[in-house]
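Before any comments, here is the structure.
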Amino acid sequence: MKNIVVLVSGGGTNLQALIDAQHRGELGNGRITCVIASKADAYALERAKKNGIRTVTLVRRDYPDVAAYSEAMTRLLQDEKADLVVYAGFMTILDEQVCSAFPYKMINVHPALIPSFCGKGFYGLHVHEAALEKGVKLSGATVHFVTEECDGGPIILQKAVEVKSGDTPETLQKRIMEEAEWKILPKAVQLFCDDKIEVVDGKAYILE
Ligand code: GAR
């Protein structure tokens with residue numbers, strides 16, 4: 001069984017989707033062993049506790065800089081014997097030492113179709129504000145491997161979602177979560193845990 005460690009910062013609806021998938025037996029050869037939050041008041045922690053999943057809080061401002069925080073996170077993930085690290089609404093910056101310790105073993109869900117509306121500053125509602133500002137008719141979600149390049153790692157799964165007239169950042173966020181994120185994140189985790197993803201020349205391929 002692969003140990004899945006989930007990193008969270010907020011409401012944790014993507015964590016919930018993973019927990020629900022686990023209850024349905026849809027995480028393949030993996031199980032969620034620990035949830036790590038960057039904020040002590042993250043509601044995601046309650047979701048984990050309700051489901052008997054161990055939680056750890058690693059608060060960014062308890063560390064002097066990104067390097068010290070990243071070192072503590074790397075050590076924690078190693079202690080947890082993480083086989084897969086899932087960023088599920090994790091909003092705190094980590095540096096390259098974490099990526100080098102877990103090469104192609106960390107995945108992130110991003111609420112847009114990468115390479116649109118991604119990179120530094122594009123997180124949470126800001127992503128949907130930018131999509132509405134541009135007037136795109138389709139947006140969606142992407143699950144990708146985490147590398148040193150922000151939102152630039154190999155793309156595993158994507159799903160498009162319609163933008164409707166009258167959408168606000170909040171309504172678009174909700175539709176993208178319901179129709180895309182909560183589906184493709186558990187699916188990508190299942191594929192990873194069943195060894196069905198291969199990365200060749202910086203591109204991810206799903207093995208049939
Ligand atoms: C989700 O929409 C997730 O894709 C996004 O934050 C939200 C977290 O919601 N993540 C990012 O923007 C990361 N760049 P949740 O806490 O309810 O899962």
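For the chain, the longest principal axis of the C-alpha atoms and the axis of helix 66-79 are separated by about 60°. Compute log10 of I(q)/I(0) for the chain with the Debye formula, placing one identical point scatterer on every Cα and leaving out solvent, at q = 0.10, 0.14, 0.15, 0.16 Å⁻¹, to two decimals. One equal scatterer on each Cα of the chain leads to -0.39, -0.80, -0.92, -1.06. Looking at the P(r) of the stretch 1-44, how many percent of alpha-carbon pairs lie beyond 14 Å? Above the 14 Å cut-off, the stretch 1-44 has 47 percent of its Cα pairs. Within the full protein context, the accessible area of D195 is estimated at about 100 Å² for a probe radius of 1.4 Å. Between 0 and 90 degrees, the angle of helix 125-134 with respect to the longest Cα principal axis of the chain falls at about 30 degrees. Which shape class applies to the stretch 23-82: rounded if a/c is under 1.5, otherwise prolate when a/b exceeds b/c and oblate if not, where a ≥ b ≥ c are the square roots of the Cα gyration tensor eigenvalues? It comes out oblate by the Cα gyration axes.
Judged by the gyration tensor of its Cα atoms, with axes a ≥ b ≥ c, the stretch 20-130 is rounded; a/c sits under the 1.5 cut. Taking all C-alpha pairs of the stretch 56-111, those more than 18 Å from each other amount to 29 percent. In the context of the full set of protein chains, residues of the chain present 49 Å² of accessible surface per residue (probe radius 1.4 Å, heavy atoms only). For the stretch 45-62 versus the stretch 82-106, the inter-centroid distance based on Cα atoms is 17 Å. Calculated [222 nm] ellipticity per residue, helices only, for the chain: -9500 deg cm²/dmol; basis is -39500 (n - 2.57) per DSSP H run with n ≥ 4, divided by all residues, nearest 500.
Global size of the stretch 114-157: 10.7, 30 Å for Rg and Dmax (C-alpha atoms, Rg to one decimal, Dmax whole).
Here each label is just a point 7 Å from Cα along the line to Cβ, and for E198 and T57 those points are 4.5 nm apart. Remark on the stretch 111-199: ratio of C-alpha radius of gyration to 2.2 N^0.38 Å is 1.09. Its alpha carbons considered, the stretch 68-157 gives a radius of gyration followed by a Dmax of 13.9, 45 Å.
Considering only beta bridges that DSSP places wholly inside the chain, some 45 percent are antiparallel. Cα extents for the stretch 148-201 along the principal axes, largest to smallest and rounded to whole angstrom: 41, 24, 15.
Helix 182-193 axis versus longest C-alpha principal axis of the chain: approximately 40°, rounded to the nearest ten. Which whole-number percentage describes the relative contact order of the chain, with Cα contacts under 8 Å and a sequence gap of 6 or more? Once normalised by length, the contact order is 21 percent. Computed from point charges on the beta carbon alone (+1 for Lys and Arg, -1 for Asp and Glu), the dipole magnitude for the chain about its Cα centre is near 560 Debye.
The values are calculated or read from the model by the stated rules, or taken from the named source; none is laboratory data. What you see is a predicted model; the values in this text were computed from it and never measured. As a convention, Cβ positions derive from the backbone with ideal geometry for all residues, glycine included, and neighbour counts pool all protein chains shown. For the accessible areas, the whole protein counts, side chains as well, though only heavy atoms, and no ligand, DNA or RNA atoms are used. Shrake-Rupley method; radii C 1.70, N 1.55, O 1.52, S 1.80 Å.
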